[in-house]
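The values are calculated or read from the model by the stated rules, or taken from the named source; none is laboratory data. All values reported here derive from a predicted model rather than from experimental measurement. When we count neighbours, we look across all protein chains shown, and the Cβ atoms used for this are built from the backbone with ideal geometry, even at glycine. Surface accessibility is based on the protein's heavy atoms, side chains included, excluding ligands, DNA and RNA. Shrake-Rupley method; radii C 1.70, N 1.55, O 1.52, S 1.80 Å.
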Amino acid sequence: MTNPFEDADSTYVVLVNDQNQHSLWPNHIEVPAGWTTAFGQNNRQACLDYIDQHWTDLAPQRVAVG
Amino acid sequence: MQNDRAGEVVSLPEVTLVELFGARVVGAPGAVALVSGDRRVSYGELDGLSEGLADRLVGWGVGPGVLVGVRLERGVDMVVALLAVLKAGGAYTLLDPDFPVDRLATVVAEADVALVLTRVGMRGVLSGLDVAVLCVDEPWEASAGVVSRAVVGPDDVACVMFTSGSTGRPKGVAAPHRALVGTYLGQDYCEFGAGEVFLQCSPVSWDGFALELFGALVHGAVCVLQAGQNPQPHLIEALVVEHGVTMLQLSASLFNFLVDEYPGAFAGVRTAFTGGESGSVAHVAKVLGLYPGLRVGNGYGPAESMGFTTCHTVTDADLTSAALPIGRAVTHKRAFVLDGSLRAAPVGVVGEIYVAGAGLAHGYTGRPGLTAERFVANPHGGPGERMYRTGDLGRLRADGVLEYAGRIDDQVKIRGFRVEPGEVAAVLTGHATVGQGVVVVREDRPGDKRLAAYVVPADGHSVDVAELRAHVAGLLPEYMVPSGFVVLEVLPLTPNGKLDQRALPAPTTTVAGQGGRSARSAEEEILCALFAEILDVPSVGVDDDFFALGGHSLKAAQLLSWIRSTLGVQLGIRDLFDSPTVSGVVGRLTEGRPARPAVVVAERPEVLPLSFAQQRLWVLDQMEGPSGTYNIPVAVRLRGVVDVAALRAAVDDVVGRHEALRTCYPTVDGEPYQLVVPAAEARVPFTVVECDNERLAQEVQQTSFAPFDLATELPIRVELFELGEDESMLVLTLHHIASDGWSNGPLWDGLSSAYRARVAGQAPDWEPLSFQYADYTLWQHELLGEVLDQQLAHWRQALEGAPEELALPIDRPRPAVASHEGDIVEFHLDAELHAGLDSMARQYGVTLFMVLHAGLAALLTRMGAGTDVPIGTVVAGRSDQALDDLVGFFVNTLVLRTDTSGAPTFGELLDRVRETDLAAFTHQDLPFERLVEELNPTRSLGRHPLFQVMLALQNNFDGSLQLPDVTAQSEPFALAPAKFDLDFTFAEERTGAGVPAGVHATLQYAMDLFDRGTACALAERLVRLLVAVVGDPEVPVGSVELLGGVERELVLSGWNDTAHAVGDGRMLSEIFEEHVRSAPGARALVHGEGVLSFGELNARANRLARLLIGRGVGPEARVAVLLPRGADLVVALLAVLKAGGCYVPVDPEYPADRVAYMLEDSAPAVVITDAAGLGSSGSVPVVCVDDPGVVGELASLSVVDVVDAERVGVLGSGHAAYAVYTSGSTGRPKGVVVEHGSLVNLFHAHVEEVFAAELAALGVGRCGRR
């Protein structure tokens, strides 16, 4: 079974949620609610490089209430 | 959605661990929070201790987002440190002090550790790291003002857990407070609450650690901290019992081990988890059988989801299934099984397991890309939620329960620990000599998963496996170090170019016990056996590495527990990591014992004293006058042409090499001293005598026991008897003052190599000896002052009140002066018994010697010797390996006193014997002669002082003479003076691979006291006792049956009735017949073909007797019985007796020339044999028992008892009953004739010889002369 996140030949996007958490995401799968595309589509490594550069603090950003 | 295994929706309070703990402190400050050793710490105390340190940390700069390494051993300080870090607002990461320092460096760099908390004693290893260090046990000044702490929320990181990373770097999983709180609040996978007692035994590097500690502390429960970094089975059991532990979280390996070895660890436990890897249904079933009320949970969850994510409580139905399911998601967590498009997989279909919910970590510290790969958007959750893809495969059952189905990638679990083989491989290839490296998990034995490393050397390099292993062990935790390393020329590939895993050879476990030194002491021997037993290998040498042979932390814990129970010393697991060999462990055991100075080359004083042993021999020599009592003669028959000049020169070479062989013992002022004759002046008497075979025995005897004049003569002489052109007999006679059994190796090897050199016209090319006997002598005298007093104190205590004379089953009163006349009974422990004794020794942590010792002590007690049994033995006395190469008198005698009282089982007796013997061996330097002087027992010329029974297991290398173009065969001396009442000597035989091949045994007995039959019976009973206890070591030794079936019946029913009539002239055949009449149906013989009753046996013997009478057999007629052990043999022997003849047993297994000689020499009237023996019987009239004609004739004869009238002549007790052969000194067997009357008196021996077949069928060895 191939995992959709491990296909080196496929294309991916980078998703971000409102806590600035990033997720690699297979381009061919619908983007889940609460996530927006921040980068891509592109190849897997390019997406990972983007994440490494742009997601510098893994702690979830606190959501402003109200 | 259908397969969303969401836990029950319970709202999770927005709290931190610190707040929950604080609430418990307020609620019940006096309640016990921690138990560590004898220490109990209440919630209030724990809070107070951690408050102070928290302030200090805040002052240092710890706050949210700051990671603090905690490198402290499991204990109160460690918990205080963790709480303090959390209170300060920081996150902790636990750094196991058992992990290699280089691993520590990697972790510190990888996770950006700001500060490491340790203690003063351990700070040294951190000095090389680029990190601040703070010691919790060093004084510090509290800052004057109020320290203000940052506000911490549930999203702040509480801990970072390191787990194996596939790219060669460990990954730090950063878990927020929420993940921990969410895992322990509102759960029902086990009982949480103030009344619970959690055991913290998991390694601190394991994600399950937090459940054991914080799972307790947030609920007001007690957390019991096990000492040591790794789970230790015996401690777990003890802590469960002592503290009433209610929850155990165990890796499946540990769970199974405890079930098998320490089931008491589950007593009173409410919930026990088996997790981390596939649980064993059989072990769960077993423990539920023992503790039906126990709840067994099979937990599942990665560190990325803070451990427990799903859990299954094992039900009865599960116990019949192949594998345990992993259950449903726990509260606040979710688990999905998804397909390749992230859609829910249908029930029963395998997909990948994704987990979500409160347990999720933020990600991997410093690795955003890797985090975003694994923590991904969740299409099945609320807006913006993430899920973690585990890489685990699973399937849902129709009832919603999840089943585990393996891994999607290479990740493996080794004893519950996640291991990425890629990380280990990266470390391998990091070594300069390695070009390519792969690591795979193998399960060559079911249930035993091990990592195996395969490496291809880098160009121009070769791989040193030991060095590579050390490299890996220096960088990775113990569970990640492969147990097998294989060097390949090339890695096998599949046609697609991928690694062909199936083509990888199984690593051959490092061949243990080869090349390395073998055990020198009983402790080493016991430890080698323990190592081998635990590692499941045939043997282990003293320098073999426990971990290199497949040992791991769990096995280490088992080993330590065995060491504790057998040797009474508690070592820590760290001791074993630091010195993982038998010699290393012995070093730890002997720490604190008085050090014994090493033997050194000493300056020679003007007058060189005698060693203590020599002194005693010298005194005896003076007292007894010239005698051969202490001569050690060896005769070797040489076939081939001997170069006499070369042999003479070789003898001079050996004598030149060993000073002890050219030392005389003259006196000055009445005191003897060692006078070493310079090699050039030493003249060894070397006589060449022409001789014929007829006179040889007498000549040999004469030279062998001719006395030495110790004052003027060298203690060695050589005679070469030339028997013909190419046959001679070499007789080397040494005085014991210059030699001992262990000297045979250097003596004969030296003679062999010198002869080879001399034949070639050269001098032998020997490495010079490090020491001479004189050095040892001086060392011993020096030792006397330092160590021997302490040893003497031991012996005084050990032998206080011991019986001066052991009550042995003697046949006649002890004479006032012993004649020292002795004879020898040979017997044999067969290979099966040998193997059984070997394995029992391993099982009980004793040596084979100790098993024999316990057996002998038990036998003597059973034979009426009482329950205080001193037995003598000898030790090599060569305390230093360098002394092994010397010829000289080093051997010392020890007294082993065993208490056999209180009806012990054999196992219990082994424990006692081990204690006695180890203590004795530890104090073996005190010369026996000194001991006798000091204890000053009542002296008697009739017995040996302090003990009268000797036991020796020969392990001294028996050197042999090996001359080119000459075959040399040593000739045993049949009769040596008996120095003890009973002297048991055992010699093991093993195959090249070390497999037990039997034990040859001799019992030399003092003829002053014992008849041969009594000695035979003792030997037989010893064997029978050993057979019985091997079968069941837990049987009380007092209830072991010592008599053979027939012997027992005769003694109990037959013989007892007529015992007073012994010697009344009746023949044994008559006594036998009487017994037959009283119990014709009783079982007489168990043999290969079946069972024979006394009636049947008697009938067959009567028929054969009549047939023999018909062939002229009568009183004084000899009948050779050439039959293998079996019913026919017994029938034949009885038939000969009934006919009134004299039987001569001839074992068909003897060499043909021996059989021929015996048949010729005994001049039998008839030979009874079978078809197989016909070829050997020569020209003598034959009765072939399986010949159809004979069978027919027998059938026609009467079965009733033979009476005198039928016999050729009237039988009297003076007539010969049997003749047996003993080894003559000339190599020719010698016949000994026993009369019918004597036979009756020797009934024990006789019955046993007659019924040897039965004994053989019982697996009992033979007893008799050969």
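Tell me, what is the percent relative contact order of chain A, built from C-alpha pairs under 8 Å that lie six or more residues apart?
36 percent
Modelled label-to-label distance, B:THR867 and B:ASN693, 7 Å Cα→beta-carbon offset: nm?
My value for the distance between the label points is 5.8 nm.
Name the residue farthest towards the positive end of the dipole of the stretch B:233-387 from the options B:LEU254, B:GLY366, B:ALA303, assuming +1 on Cβ of Lys and Arg, -1 on Cβ of Asp and Glu, about the Cα centre.
Final value for the positive-end residue is B:GLY366.
Starting from the Cα-Cα distance between B:THR938 and B:ALA322, subtract it from 0.36 nm times their residue separation and give me the gain in nm to one decimal.
214.5 nm
Between B:ASP102 and B:SER970, how high is the FRET efficiency from 1/(1 + (r/R0)^6) when r is the Cβ-Cβ distance and R₀ = 51 Å? Nearest 0.05.
It comes out at approximately 0.30.
What do you reckon, how do B:ARG40, B:ARG814, B:ARG758 stack up by accessible area (1.4 Å probe), largest on top?
B:ARG40, B:ARG758, B:ARG814
Could you sort B:LEU235, B:LEU883 by accessible area so the largest value comes first, with the probe set to 1.4 Å?
The ordering from most to least exposed comes out as B:LEU235, B:LEU883.
For the protein assembly as shown, report the translational diffusion coefficient in µm²/s to the nearest whole number, using Stokes-Einstein at 4 °C, 1.567 mPa s, and a Kirkwood Rh over Cα pairs.
Once the numbers are plugged in, D ends up at 35 µm²/s.
Per Stokes-Einstein, at 4 °C and 1.567 mPa s, what whole-number D in µm² s⁻¹ belongs to the stretch B:17-65, with the Kirkwood radius over Cα pairs as the hydrodynamic radius?
Answer, rounded: 110 µm²/s.
Once you have the Cα-Cα distance between B:ALA227 and B:MET623, take 0.36 nm times their residue separation minus that, and quote the gain in nm to one decimal.
So the extension gain works out to 136.3 nm.
Using protein chains only and a probe of 1.4 angstrom, how many square angstrom of B:THR315 are accessible, to the nearest 10?
Around 60 Å² of this residue is reachable by solvent.
Using +1 on the beta carbon of Lys and Arg, -1 on that of Asp and Glu, and nothing else charged, what's the dipole of the stretch B:896-1035 about the Cα centre, debye to 20?
260 debye
Chains A and B: buried accessible surface, both sides, probe 1.4 Å, rounded to 100 Å²?
2300 Å²
Tell me, what is the 1.4 Å probe accessible area of B:THR922, in Å² to the nearest 10?
Spelled out: B:THR922, probe radius 1.4 Å, area about 50 Å².
When a/c reaches 1.5 or more, the comparison of a/b and b/c decides; with that in mind, is the stretch B:540-613 rounded, prolate or oblate per its Cα gyration tensor?
Prolate, since a/c reaches 1.5 and a/b exceeds b/c.
Can you tell me how much longer the chain between B:THR667 and B:ASP459 gets when fully stretched, taken as 0.36 nm per residue apart minus their C-alpha distance, in nm with one decimal?
Gain on extension, B:THR667 to B:ASP459, equals 67.7 nm.
So, for the protein assembly as shown, what is the accessible surface per residue at a probe of 1.4 Å, expressed in square angstrom?
For the protein assembly as shown, the solvent-accessible area averages 39 Å² per residue.
Please give, to one decimal in nm, the separation of the simple spin-label points placed at A:GLN41 and B:THR922, each 7 Å out from Cα toward the Cβ.
Roughly 7.8 nm, to one decimal.
I want to check the label-to-label distance for A:ASP7 and B:ALA807. Put each point 7 Å from Cα in the C-beta direction and report it in nm to one decimal.
Reported label-point gap for A:ASP7 and B:ALA807 is 9.2 nm.
Given a Förster radius of 22 Å and the C-beta distance between B:VAL490 and B:ASP409 as r, what FRET efficiency does 1/(1 + (r/R0)^6) yield to the nearest 0.05?
0.35
Considering only C-alpha atoms, what is the centroid distance from the stretch B:743-760 to the stretch B:234-271, in Å?
61 Å
How large is the helix-only mean residue ellipticity at 222 nm for chain B, computed as the sum of -39500 (n - 2.57) over DSSP H runs with n ≥ 4, divided by its residue count, in deg cm²/dmol to the nearest 500?
After summing the helix terms and dividing by the residues of chain B, the value is -9500 deg cm²/dmol.
Which residues does a label at A:ASP57 reach in the stretch B:47-73, if reach means a backbone N under 19 Å from a point 7 Å past the Cα toward the Cβ?
From the stretch B:47-73, the list is B:61-68.
In whole angstrom, and with the biggest value first, how far do the Cα coordinates of chain B range along each principal axis?
On the principal axes, chain B reaches 116, 84, 67 Å in Cα extent.
Quick one: order B:ASP410, B:ASP1161 from most to least accessible surface, probe 1.4 Å.
The most accessible residue leads, giving B:ASP410, B:ASP1161.
For the protein assembly as shown, build the charge dipole from Cβ charges (+1 Lys, Arg; -1 Asp, Glu) around the Cα centre, then report which of B:THR331, B:ALA210, B:ALA114 sits farthest towards its positive end.
Going by the charge dipole, the pick is B:THR331.
Could you tell me what percent of the accessible area of chain B is made up of carbon and sulfur, with a 1.4 Å probe and every protein chain present?
51 percent
Residues of the stretch B:878-912 with the amide nitrogen closer than 13 Å to a label point 7 Å from the Cα of B:GLN797, along Cα-to-Cβ, please.
Flagged as within label range: none.
Evaluate the charge dipole of the protein assembly as shown about its Cα centre and quote only its size in Debye, nearest 20, assuming +1 on the Cβ of each Lys and Arg and -1 on the Cβ of each Asp and Glu.
2980 debye
Output the pairs from B:LYS333/B:LYS498; B:LYS87/B:LYS286; B:LYS87/B:LYS413; B:LYS171/B:LYS555; B:LYS171/B:LYS286; B:LYS87/B:LYS555 with a Cα-Cα distance over 32 Å in this structure; if there are none, say none.
In this structure, B:LYS333/B:LYS498; B:LYS87/B:LYS286; B:LYS87/B:LYS413; B:LYS171/B:LYS286; B:LYS87/B:LYS555 lie more than 32 Å apart at Cα.
Shape call for the stretch B:168-216 from the C-alpha gyration tensor, a ≥ b ≥ c root eigenvalues: rounded (a/c under 1.5), prolate (a/b greater than b/c) or oblate?
Taking the square roots of the gyration eigenvalues as a ≥ b ≥ c, the stretch B:168-216 is oblate.
Dipole magnitude of the stretch B:1102-1165 about its Cα centre, charges +1 at Lys/Arg Cβ and -1 at Asp/Glu Cβ only, in debye to the nearest 20?
400 debye
Is there a simple number for the mean count of other chain Cβ atoms within 10 Å of the Cβ of residues in B:382-393, and what is it?
4
Within the stretch B:363-389, find all residues whose amide N lies under 20 Å from a label point positioned 7 Å from the Cα of A:ALA33 along Cα-to-beta-carbon.
B:376-388
Using just the helices of chain A, give the 222 nm mean residue ellipticity in deg cm²/dmol: DSSP H runs with n ≥ 4 each add -39,500 (n - 2.57), and the total is spread over all residues, rounded to 500.
Computed ellipticity for chain A at 222 nm equals -5000 deg cm²/dmol.
At a threshold of 8 angstrom on Cα-Cα distance, excluding pairs fewer than six apart, so keeping six or more, what relative contact order does chain B reach in percent?
7 percent
Tell me the accessible surface of B:ILE1071 in square angstrom (1.4 angstrom probe, heavy atoms of protein chains only), to the nearest ten.
B:ILE1071 has an accessible surface of roughly 10 Å² with all protein chains in place.
Rounded, prolate or oblate for the stretch B:592-745? Axes are the square roots of the Cα gyration tensor eigenvalues, ordered a ≥ b ≥ c, and the cut-off for rounded is a/c under 1.5.
prolate
Taking the Cβ-Cβ separation of B:VAL26 and B:GLU242 as r and a Förster radius of 30 Å, what is the calculated FRET efficiency to the nearest 0.05?
Computed FRET efficiency for B:VAL26 and B:GLU242: 0.55.
Which one, A:THR37, A:PRO4, A:CYS47, projects farthest toward the positive side of the charge dipole computed for chain A from Cβ point charges (K/R +1, D/E -1)?
A:THR37
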